[in-house]
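The values are calculated or read from the model by the stated rules, or taken from the named source; none is laboratory data. What you see is a predicted model, and the numbers here were worked out from it, not measured in a lab. Backbone-built Cβ (ideal geometry, glycine too); neighbour counts: all protein chains shown.
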Amino acid sequence: MGEFDVIIIGAGFAGMYMLHRLRDGLGLSARVLEAASGVGGTWHWNRYPGARCDSESYYYSYSFSEELQQEWEWTEKYAAQPEILRYLNYAADKFDLRRDIQLGTRVTSAIFDEDGNRWEIRTDGGERFFAQFLITAVGGLSAANVPDIKGLDTFEGEWCHTGEWPQEGVDFAGKRVGVVGTGSTGIQIIPKIAEEAGHLTVFQRTPNYSVPARNAPMDPAFQEQVKANYDEIRQKQRKTPAGHPWDVGKKSALEVSQDERQAMYEAAWERGSLRFRSTFSDLIINKEANDTASEFIRSKIREIVEDPTVAETLTPYDHPYATKRPPIDTDYFETYNRDNVSLVDVKSSPIQEITPKGIRTTDAEYELDVLVFATGYDALTGAYLRMDIRGKGGRSLKEKWEAGPRTYLGLQIAGFPNMFTIVGPGSPSILTNVPTSIEHHVEWVSDCIEYMREGGFERIEANVDAEDAWVERVNEAAGRTLLPMAQSSWFLGGNIPGKPRVFMPYAGGLPTYIQICDEVAAKGYEGFALTAQRSTARDGALKK
Ligand code: NAP
């Protein structure tokens, strides 16, 4: 129970920085409510074998503290989950965040009180909190999607979802293991389980493209060089469409000769990483250009996988490369050459039910001791809609977003005053290196709150017109890319049965987005209605 200036939901990258910024920067009273037993958000929950970041750690990290980025030493190019979790715990200690983070506390509802211009927040422990501002730092990929398959409750073995991995781990040694799902997560966990299991059966519905990560121990000389050039690197990140510190290729895939194109793809494959997507300028906007990249990766799958039938089953044709979030891997396709791994195509023979012994498809029953769901998330909206959030007039967010999420800038929702959504739907968030987007949002929100406090405003709300125009702009930006072609992607809600098909993130690129947000702020928060404080008795001055 308590009254605060701000309640923040979630203690991952976003919630922790938000707390630091508001408490230590503006002097506000803030409490973070976090469902997990520790800080770290996605890196607390995703402790499955093989979990590691697909952005290089030197830039998938906080930039706001020069001291932190100078003193932290990364040990690998792509840090594994335990190292990223250690890093976030280190940041929590360094900035003395823990005293204002309440763990093991799941927010169940948040109701806006129009008379008091404040939020009433309730938790699963029966506690009540009141705050002028509610800030959701809930992550875009945090609401686990366990598919509703008949018979799961009858399964006699162990089962788990990768996004809610048991703290004590899972023992696969010598066991018959099934993995459902071949997205980024499946592609990371499959090679690891194969090393341990007696037999691994992969249930694949849609094949995926993947490029080698080429992970390696961190080169000390490179780390030194990064630290000497951090200013430049961080500036660069905010100037590239996806928040990475590299430029997208300048040439079209179609303007070079076939030999040159092949050589460039080979070099990109050898270098590895998400950067493969940036080999040419037009892979995400021109289908013909994209076809060349898609076909190159298909040829690599055929080259790596020894059994031609398995190779063909693993080869994607249904969507252009990178129109789903492109995975990067360590020995993913190679894993199918192992004797203890088999692939089941559940597109051609769908899963009928889960039995006490395993999975039954239309073709056969597969006996399993352990079943792993790498089946993704109810992305971008799931974490919001699993809470009962009610704005003006008691209107629920569920009702407001019935036909898909609507936000202004991915930062606020009309009808839900004084609530800010860090990397919410409608922001570039998940199409970028997420910590870069998070830091931008956190800073924008804290500047906005500072502006309100200095100007004597007690309430801010996105205008419906501004929100409508922004939703239109999000649609237009997606329409200029090939991204909507992956109909089953989570960008579109296509992975969740019954979810409205709406392209949710803003695909116009981070620099354009930052510029728009800056302009909105510079014009006195254009598109938002700001309401002056009603009572002069209340202290509206900025507390320092
Ligand atoms: P995902 O990309 O949504 O993949 C889920 C997989 O499960 C897909 O192969 C999907 O098949 C399959 N699936 C879902 N329901 C199914 C069902 N009922 N029956 C059979 N198969 C089913 O989820 P994810 O792999 O967890 O990745 C989500 C996102 O998290 C990624 O795109 C990425 O942004 C992030 N991530 C990042 C990292 C990293 O940084 N390295 C690692 C993991 C995840 P369909 O394709 O047919 O739907």
When residues of the stretch 289-317 are limited to those that are assigned to a helix (DSSP H, G or I) and acidic (Asp, Glu), the one farthest from LEU254 (Cα to Cα): GLU312
Matching residues in the stretch 420-469 - criterion: being within 16 Å of the ligand (Cβ to nearest atom), in a loop (DSSP other than H, G, I, E, B) and over 22 Å from ASP5 (Cβ atoms): PRO425, SER427, PRO428, THR432, ASN433
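Which members of the stretch 323-351 meet the condition of being β-branched (Val, Ile, Thr) and assigned to a loop (DSSP other than H, G, I, E, B)?
Residues of the stretch 323-351 β-branched (Val, Ile, Thr): 323, 328, 330, 335, 341, 344, 346, 351.
Matches in the stretch 323-351: THR323, THR330, VAL346.
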Residue match in the stretch 489-508 (condition: within 16 Å of the ligand (Cβ to nearest atom) and either in a helix (DSSP H, G or I) or of a type in the set (Ser, Thr, Tyr) (or both)): yes
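Starting from residues that are of a type in the set (S, T, N, Q) and under 18 Å from SER348 (Cβ atoms), keep the ones in the stretch 185-211 and report whichever is nearest to the ligand (Cβ to nearest atom). Write out each step before concluding.
Narrowing the stretch 185-211 to residues of a type in the set (S, T, N, Q): 185, 188, 201, 204, 206, 208, 210.
Checking the rest, the ones that are also under 18 Å from SER348 (Cβ atoms) come to 201, 204, 206, 208.
Working: THR201: 13, GLN204: 7, THR206: 3, ASN208: 6 Å.
Going through the qualifying residues, I end up with THR206.
Scan the stretch 521-532 and tell me whether some residue there is basic (Lys, Arg), exposed (fewer than 13 other Cβ atoms within 10 Å of the Cβ), in a loop (DSSP other than H, G, I, E, B) and free of Cβ contacts under 8 Å to residues at least 60 places away in the same chain. First the steps, then the outcome.
Of the stretch 521-532, the ones basic (Lys, Arg) are 523.
Retained after the next criterion (residues that are exposed (fewer than 13 other Cβ atoms within 10 Å of the Cβ)): 523.
Still in the running and in a loop (DSSP other than H, G, I, E, B): 523.
Narrowing further to those that are free of Cβ contacts under 8 Å to residues at least 60 places away in the same chain: 523.
Checked against the condition, which is being basic (Lys, Arg), exposed (fewer than 13 other Cβ atoms within 10 Å of the Cβ), in a loop (DSSP other than H, G, I, E, B) and free of Cβ contacts under 8 Å to residues at least 60 places away in the same chain, the stretch 521-532 yields at least one hit.
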Failed item in (1) within 16 Å of the ligand (Cβ to nearest atom); (2) over 16 Å from ALA322 (Cβ atoms), with GLY272 passing the rest: (2)
Index of the failed condition, ARG214 passing every other in (1) part of a loop (DSSP other than H, G, I, E, B); (2) on the phi < 0 side of the Ramachandran plot: (2)
Subset of the stretch 167-184 that is among the hydrophobic types (A, V, I, L, M, F, W, C) and away from the ligand (no atom under 16 Å from the Cβ) - its residue that is surrounded by the fewest Cβ atoms within 10 Å (Cβ to Cβ): ALA173
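Condition (residue is of a type outside the set (Asp, Glu), more than 16 Å from the ligand (Cβ to nearest atom), under 21 Å from the mean Cα position of the chain (by Cα) and farther than 15 Å from ASP331 by Cα) applied to the stretch 213-235: is it met by at least one residue? Break it down into steps so the answer makes sense when it comes.
Initial filter on the stretch 213-235 (of a type outside the set (Asp, Glu)): 213-218, 220-223, 225-230, 233-235.
Checking which are more than 16 Å from the ligand (Cβ to nearest atom) leaves us with 217-218, 220-223, 225-230, 233-235.
Still in the running and under 21 Å from the mean Cα position of the chain (by Cα): 234.
Going one step further and asking which of them are farther than 15 Å from ASP331 by Cα, we end up with 234.
Checking the stretch 213-235: at least one residue is of a type outside the set (Asp, Glu), more than 16 Å from the ligand (Cβ to nearest atom), under 21 Å from the mean Cα position of the chain (by Cα) and farther than 15 Å from ASP331 by Cα.
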Residue in the stretch 67-74 that is in contact with a Pro (Cβ under 9 Å, 6 or more places away or on another chain) and within 16 Å of the ligand (Cβ to nearest atom) present: no
Filter result (away from the ligand (no atom under 16 Å from the Cβ) and either buried (at least 22 other Cβ atoms within 10 Å of the Cβ) or part of a loop (DSSP other than H, G, I, E, B) (or both)) within the stretch 133-161: PHE133, LEU134, ILE135, THR136, ALA137, GLU156, GLY157
Count of residues meeting criterion [within 30 Å of ASP113 (Cβ to Cβ) and away from the ligand (no atom under 13 Å from the Cβ)] in the stretch 342-392: 11
Close pairs from the stretch 182-211: first on the phi > 0 side of the Ramachandran plot and part of a helix (DSSP H, G or I), partner at pLDDT below 95 and within 13 Å of the ligand (Cβ to nearest atom), Cβ under 7 Å, at least 6 apart: none
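Is it true that some residue in the stretch 242-264 is away from the ligand (no atom under 16 Å from the Cβ), part of a helix (DSSP H, G or I), under 27 Å from the mean Cα position of the chain (by Cα) and surrounded by 14 or more Cβ atoms within 10 Å (Cβ to Cβ)? Let's see the steps before the verdict.
Taking the stretch 242-264 and keeping what is away from the ligand (no atom under 16 Å from the Cβ), we get 245-264.
Checking which are part of a helix (DSSP H, G or I) leaves us with 258-264.
Those still in the list that are under 27 Å from the mean Cα position of the chain (by Cα) too: none.
Scanning the stretch 242-264 turns up no residue that is away from the ligand (no atom under 16 Å from the Cβ), part of a helix (DSSP H, G or I), under 27 Å from the mean Cα position of the chain (by Cα) and surrounded by 14 or more Cβ atoms within 10 Å (Cβ to Cβ).
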Members of the stretch 454-480 that are of a type outside the set (A, V, I, L, M, F, W, C) and surrounded by fewer than 20 Cβ atoms within 10 Å (Cβ to Cβ): GLU454, GLY455, GLY456, ASN463, ASP465, ASP468, GLU472, ARG473, ASN475, GLU476, GLY479, ARG480
